[in-house]
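Written below as structure tokens is the structure these notes are about.
Read-outs throughout are calculated quantities, based only on the coordinates presented, and are distinct from any laboratory measurement. All of these numbers come straight from a predicted model, not from anything done at the bench. Ideal geometry is used to build each Cβ from the backbone, glycine not excepted, and the neighbour counts take in all protein chains shown.
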Amino acid sequence: MKYSKLFYFLAAASEAIAQAQLLNSGYKAQQPAIDVVDVKKQNGVVCLPDFFPLQDYDPMRPASVPTYSLPKYDEDKFTGPNEKLDSDVLALLNSLTLEEKAGQLVQVQVGLFIGCDGLINTTAAEIMIDKWKIGSVLEATQNHNGRWNINSPQRFANFTNTIQSIAISKGSKIPLIWGLDTIRGANYIKGATIFPAPVNMAATFDPTHAYNMGRIGAKDTRAAGVHWAFSPLADINRQKLWSRNFENFGEDPYLAGEMVYHNVKGLQGDYKNDRSKVAACIKHFIAYSSPNNGMDRDQAQIPWNILLEYLVPPFKRAIDAGVATVMEDYGQLNHQSTMSSKKILNDLLRDQLGFNGTLVTDWGELNSQWTWYKTAFDVDDAVNLALNNGSVDMSMTADDIMYANSTINLVKAGLVDIKRVDQSVGRILQLKKDLGLFTSPYSDPSLIDTVGSNQDVVLSRNAARESLILLKNEKSVLPLATTDKVLFVGAAFDSINDITGAWSQHWQGTNEFEKDDIYDIYGETIRAGVMNITGSEPNYIIGYNITGNRSVGYDDVVKAARMADKVVFLLGEKPSTEGIGNIKTLRMAKDQYNLVRSVSQQTETPIVLLLAQNRPFSLEELVTDASAIMNIGLPGPYSGIPIAEVLYGKASPSGRQPYSYPKLDYQAPVTYYTPQWNEYDPEFAFGQGMGYNNITYSNVTVSSTDLSPGKPIKVSVTATNNGIWEQNEPVLMFTTQLIRRSYVSEHYRLRAFDKQVIAPGTSKTFTFTLTAEEMSFIDLDMNRVLAEGPVNITMNAFNENAKIASIYLHEK
Ligand code: BGC
């Protein structure tokens, strides 16, 4: 035998062993026995009616041990996907048939495995796995005619484990990867700690909260046997009408990037070793959040330099954090259908941003290519374009296996190179290996007891407390005194669902049949929070329901308001997301608006507004009617107590606006980084917010008044707390390039922020680094350039206590 032949023989033999190792390791694992209380069956299987809104309540709860600890891994290093596949992954890939490869590219929704009794249909699962060899499943049964309105982690794990046991014994025998919208904690798993919405996280200006939300969400998701979280959103809030504003981390690229980075670390961390982590998935690549007219999935037209300057950076930050997966975008950018766009998915995502991981489509994108966007003749054409032009690896076709079928046909017809299929299958298999699915395909039952631990609830409450943004407080109407006679008005005062919003328990929040009952013991209303502080039942009139329509006569509310010392209105909107949340105006529902006006016009009682909403509704005259305004966003099921604490002065608020709050519809696309000479006159500016304390800033110092490339400067400011409360104070550092020749600079750009606790009567110094490189921008030729000019550094722009230092930026 010649040397080279021997080499190839040995190489082939070791590949076969490597492949066998990867596949066989899973067999050794036993499906864990997890007890569940079963549904009572009558005469065997009982089919559920088509319309089944009142699903059964899963009687099981996780044990929720008060405290627990998880092993620590090094999360600071880059742990993300590599370009090269491991040799055992390559060996497995090479051993697969075309059909097995095509199956790996498909993700279907769990509803396909639900029988007419709302329970698991193993026969359907076997067909999908054995015949079509599908590689992935997504979603929770409660959104797809499942029997239970929300599954305990025990029940969820039994479900995923049972499907997994079929996967590793049938078809290609490759374990499935299961994906779920764990957006703010594991919101689809009963008892799992739900966090405030991402926009609230941004309002805290403390990325630790984004980390915690990811960390706890990952653990709880894994407890249910799920390995992949479709989060975080790295989109930014450039269109305030859009229904998904609350899912983003605000409008600023730097702020969103910091939050996304830490959320990815929390979710994913060292996912190749840590089995309590999941793969994170940044979405939606790209420009989904900027539909021209504010309607979900409508077209975005964005000049490429603007895209690179503002929309790409949070995605880039996540890729630098090592994010394992990306989801492409439903919408259309500059007439491109993302799924088949070379420019977006190859040139930008893969080549320019260097993303090596798995790219999944959004739901049903394949079918939309020819049914909706009309960018393909038929399914084969859509798959052809996606594979040959784009770089999608997995199709969340969701409801069928057409993607696999077409891939097989196209390869056989010579229209798609098998190497392109291999590229995607390789990435998916590597992801599965990195997540440990070949060695531990089943859930880890020991994580179940940690779900809903008080340790996690405390973190959710802390985040909620720090996310409350006080925007107005005339004559110190807040905090309330426990001796004040307070009237509370508005449905959101007495509803967990209304202050939590969508992507909780169900896609669109809880339904009208189950209401808050579905939260079981996992959360509290603001009403309960107030009772907890004051010790007595609050005086509450619903006034209007959550859609803003009158529930009682105006006169009743006006009469009750006259007898109160203060009246607190909860203004809000019905939880919703995606197309279901489309609105055509930011004007509030009439009754909601008019009721506040009536109280203002017919009484002398000071008015406090608490805004609990997906997106900023216009306040118009209510801004002057109200003595105090607090934007509470969607702070989640554990915010009743923190809100009451802040209302009654047990803590001083410390949130800041993570987006510009428009006055009227015409400002829906306005951001604070608008070109310098433009109007920037929102109702509330980006970064606006205050506590109960008077905080003064002094001693703004710069280490040099000249800023040049390679020579960063230090900027410091001292904040003094002149009040009586402890103040958790965020300091935001902005720059304004006063002159930038030929290319108009922005009003302001956020460059850094920090948040520190300042005890009453004391001061803290905040120090930041500013580099010349940060001051560069993308020009019309798509180059990152620097242009000299004078620069103002403003600490806490848009707040009364803002302080400015001036420097000069040099090109060299
Ligand atoms: C949403 C995604 C989500 C997916 C899976 C889509 O409708 O746009 O954000 O991850 O569904 O639930």
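Could you give the distance between the Cα centres of the range 45-105 and the range 386-445, to the whole Å?
Their Cα centres are 15 Å away from one another.
Using a Cα-Cα cut-off of under 26 Å, which lysines could be cross-linked to Lys584, ignoring same-chain neighbours fewer than 8 residues away?
The qualifying lysines are Lys240, Lys283, Lys374, Lys574, Lys663.
Under 5 Å between amide hydrogens, which residues at least 5 positions from Ala752 or on another chain qualify, with H placed 1.01 Å from N in the peptide plane?
When sequence neighbours closer than 5 places are left aside, the close amide H contacts are Met733.
Residues with amide H under 5 Å of Phe285's amide H, sequence separation 5 or more or different chain, H placed in the peptide plane at 1.01 Å from N; which?
Correct list: Met327, Glu328, Asp329.
Taking the Cα centre of each part, how many Å lie between the range 608-630 and the range 473-546?
Comparing the Cα centres of the range 608-630 and the range 473-546, I get a distance of 16 Å.
Which lysines, on any chain, are close to Lys650 with Cα under 28 Å apart, when same-chain ones fewer than 8 places away are left out?
Correct list for Lys650: Lys472, Lys475, Lys485, Lys566, Lys755, Lys764.
Which listed residue (Thr361, Gly103, Pro313) has the Cα farthest towards the positive end of the charge dipole for the range 87-450, taking +1 on Lys and Arg C-beta and -1 on Asp and Glu C-beta about the Cα centre?
The Cα lying farthest towards the positive end belongs to Gly103.
What does the charge dipole of the range 87-450 about its Cα centre add up to, to the nearest 20 debye, if the Cβ of each Lys and Arg holds +1 and the Cβ of each Asp and Glu holds -1?
That gives a dipole near 520 debye.
Take Gln676 and Asp555, extend 7 Å from each Cα along the Cα→Cβ direction, and tell me the distance between the two endpoints in nm.
6.0
Run the helix sum for the chain: -39,500 (n - 2.57) per DSSP H stretch of 4+ residues, divided by residue count, reported at 222 nm to the nearest 500 deg cm²/dmol.
-8000 deg cm²/dmol
For the range 448-590, what class follows from the C-alpha gyration tensor (a ≥ b ≥ c being the square roots of its eigenvalues): rounded when a/c is under 1.5, otherwise prolate if a/b is larger than b/c, else oblate? List each step's numbers first, then the result.
Working: a/c = 1.73, a/b = 1.20, b/c = 1.44.
Oblate shape, in that a/c is at least 1.5 and b/c is the bigger or equal ratio.
Obtain the nm distance between the two label points defined at Ala124 and Gln423 by a simple spin-label model: each point lies 7 Å from its Cα along the Cα-to-C-beta direction.
Simple spin-label model gives 3.5 nm for this pair.
Would you please name the GluC sites (Glu not before Pro) within the range 74-156 that are DSSP coil residues with at most 15 other C-beta atoms within 10 Å of their C-beta?
Counting only loop positions with at most 15 other Cβ atoms within 10 Å, the GluC sites (Glu not before Pro) in the range 74-156 are Glu83.
For Leu48, list long-range residues whose amide hydrogen, built 1.01 Å from N in the peptide plane, is under 5 Å from its own amide hydrogen.
Under 5 Å from the amide H of Leu48 lie the amide H atoms of Asp117, Gly118, each far enough along the sequence or on another chain.
Assuming a ≥ b ≥ c are the square roots of the Cα gyration tensor eigenvalues, decide whether the range 596-748 counts as rounded (a/c under 1.5), prolate (otherwise, with a/b larger than b/c) or oblate.
oblate
Rounded if a/c is under 1.5, else prolate if a/b beats b/c, else oblate: with a ≥ b ≥ c from the C-alpha gyration tensor eigenvalues square-rooted, which is the range 591-685? Kindly include the intermediate steps, with their values, before the conclusion.
Details: a/c = 2.06, a/b = 1.25, b/c = 1.65.
Because a/c hits 1.5 or more and a/b fails to exceed b/c, the range 591-685 counts as oblate.
I want to check the label-to-label distance for Thr482 and Ile804. Put each point 7 Å from Cα in the C-beta direction and report it in nm to one decimal.
Distance between the two pseudo-spin positions: 4.7 nm.
Would you list, by chain and number, the lysines whose Cα falls below 21 Å from the Cα of Lys84, excluding same-chain residues fewer than 8 positions away?
Cross-link targets: Lys101, Lys272, Lys316, Lys419, Lys432, Lys433.
Taking 0.36 nm per intervening residue step and subtracting the Cα-Cα distance, what contour gain separates Arg587 from Asp779 on full extension?
65.4 nm
Show me 408-414, 573-579, 683-689 ranked by packing, highest mean number of other Cβ atoms within 10 Å first.
Details: 408-414: 14.7, 573-579: 19.9, 683-689: 23.9.
Result, highest mean first: 683-689, 573-579, 408-414.
If R₀ is 60 angstrom, what is the calculated FRET efficiency for the pair Ala63 and Ser742, using the beta carbon separation as r and rounding to 0.05?
Step by step, r from the Cβ atoms, then E = 0.40.
Stretched out fully, how many nm does the piece from Glu537 to Lys170 gain, at 0.36 nm a residue minus the Cα gap?
Working: separation 367, 0.36 × 367 = 132.12 nm, distance 5.88 nm.
Stretched out fully, the Glu537 to Lys170 stretch lengthens by 126.2 nm.
Can you give the FRET efficiency for Arg597 and Lys650, using 1/(1 + (r/R0)^6), R0 = 51 Å, r = Cβ-Cβ distance, to the nearest 0.05?
0.95
Efficiency by 1/(1 + (r/R0)^6): what FRET value for Ile724 and Gln455, r their Cβ-Cβ distance, R0 = 45 Å, to the nearest 0.05?
That gives a FRET efficiency of 0.90.
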